[in-house]
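The values are calculated or read from the model by the stated rules, or taken from the named source; none is laboratory data. These numbers come from a predicted model, not from an experiment. Methodologically, a virtual Cβ is constructed for each residue, glycine included, from the backbone with ideal geometry; neighbour enumeration extends over all protein chains shown.
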Amino acid sequence: MNENLQIRTFKKIGHIEVICGSMFSGKTEELIRRIRRAEIARQRVKVFKPKIDNRYKEFEITSHNANSYPSEIIVNADEIYEKSVDAEVIGIDEAQFFENNLVDVCQNLADSGKRVIVAGLDQDYRAKPFEPMPQLLAIAEYITKIQAVCVICGAPANRTHRISESGDRVLVGAENHYEARCRIHHTFKEE
Ligand code: ADP
Ligand code: MG
């Protein structure tokens with residue numbers, strides 16, 4: 001066959017990266033770091049966060065040490081498809097606040113050749129796996145699990161301790177309601 005007639009299809013291979021850990025462990029910081037590096041590499045990036053996360057600014061993801069990056073608020077993970085058509089790298093923060101369809105959305109975006117970076121809490125304040133993070137961790141190509149510092153003893157902390165009395169799983173807000181704590185100093189009230 002004439003070489004000029006040969007049809008070669010080069011498909012970019014996408015993947016999923018998950019950044020997880022307790023509150024204050026540096027997930028948002030790490031997500032912003034990776035997104036900024038992608039920008040330096042002149043890749044088109046797009047960052048999303050769920051509507052429920054109304055901490056700090058409406059149009060940025062913000063870390064507890066005031067680092068920030070522009071983001072778009074969405075209600076359903078499905079919205080990412082149409083809003084990221086041109087993006088090569090997609091960042092998603094606070095993934096634990098999305099419904100389980102986020103898993104399929106991430107899978108489809110990676111299948112279509114995109115780099116998907118997802119950050120979220122792997123455990124709720126009772127130290128139970130926080131869906132859909134377990135499913136995302138299972139299908140991801142790369143996983144980064146980071147720890148905060150226990151506010152009681154200074155040890156590495158992988159749990160989020162709720163200071164307030166509320167028994168709701170989702171109680172949005174940072175410093176006022178939660179602390180990073182190690183396995184020994186983490187407690188919660190049984191319902
Ligand atoms: P996450 O997104 O995981 O909640 P952030 O990236 O928003 O974390 O914030 C991480 C920053 O929070 C750290 O760099 C540090 O400045 C600050 N911080 C406050 N309390 C703690 C703590 N107990 N352990 C570690 N970092 C803390
Ligand atoms: Mg965060």
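Within the stretch 5-36, the set of residues being modelled with pLDDT of 95 or more, more than 16 Å from ligand 1 (Cβ to nearest atom) and not in a strand (DSSP E or B) comprises G14 only. Of the residues making up the stretch 121-161, those that are farther than 25 Å from E190 by Cα and polar (S, T, N, Q) are Q135, T144.
Counted as qualifying within the stretch 59-143 are the helices (runs of 4 or more DSSP H) with 3 or more residues that are in contact with a strand residue (DSSP E or B) (Cβ under 7 Å, 6 or more places away or on another chain) and within 16 Å of ligand 1 (Cβ to nearest atom), namely 133-139.
Here is a yes/no grid of residues against (1) in contact (Cβ under 8 Å) with a residue 12 or more places away in the chain; (2) over 24 Å from R159 (Cβ atoms); (3) surrounded by fewer than 19 Cβ atoms within 10 Å (Cβ to Cβ):
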| site | (1), (2), (3) |
| --- | --- |
| F24 | yes, no, no |
| K46 | yes, yes, no |
| I52 | yes, no, yes |
| S84 | yes, yes, no |
| V89 | yes, yes, no |
| N108 | yes, yes, yes |
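Output yes when any residue across the stretch 93-100 is within 16 Å of ligand 2 (Cβ to nearest atom), of a type in the set (S, T, N, Q), closer than 16 Å to S22 by Cα and surrounded by fewer than 16 Cβ atoms within 10 Å (Cβ to Cβ), and no when none is. No, that holds for no residue.
In the set V151, V170, only one residue is within 15 Å of ligand 2 (Cβ to nearest atom) and part of a loop (DSSP other than H, G, I, E, B); that residue is V170. Within the stretch 61-73, residues that are β-branched (V, I, T) have Cβ atoms under 8 Å from residues that are in a strand (DSSP E or B) and crowded, with 16+ Cβ neighbours inside 10 Å in these pairs: I61/V47; I61/K49; I61/Y69; I61/G91; I73/F48; I73/K49; I73/P50, counting only partners at least 6 apart in sequence or on another chain. Is it the case that H186 is assigned to a strand (DSSP E or B) and surrounded by 21 or more Cβ atoms within 10 Å (Cβ to Cβ)? Criteria not met by H186. Considering the conditions (1) loosely packed, with under 14 Cβ neighbours inside 10 Å; (2) of a type outside the set (F, W, Y); (3) modelled with pLDDT under 95, K128 is excluded by exactly one of them, (3).
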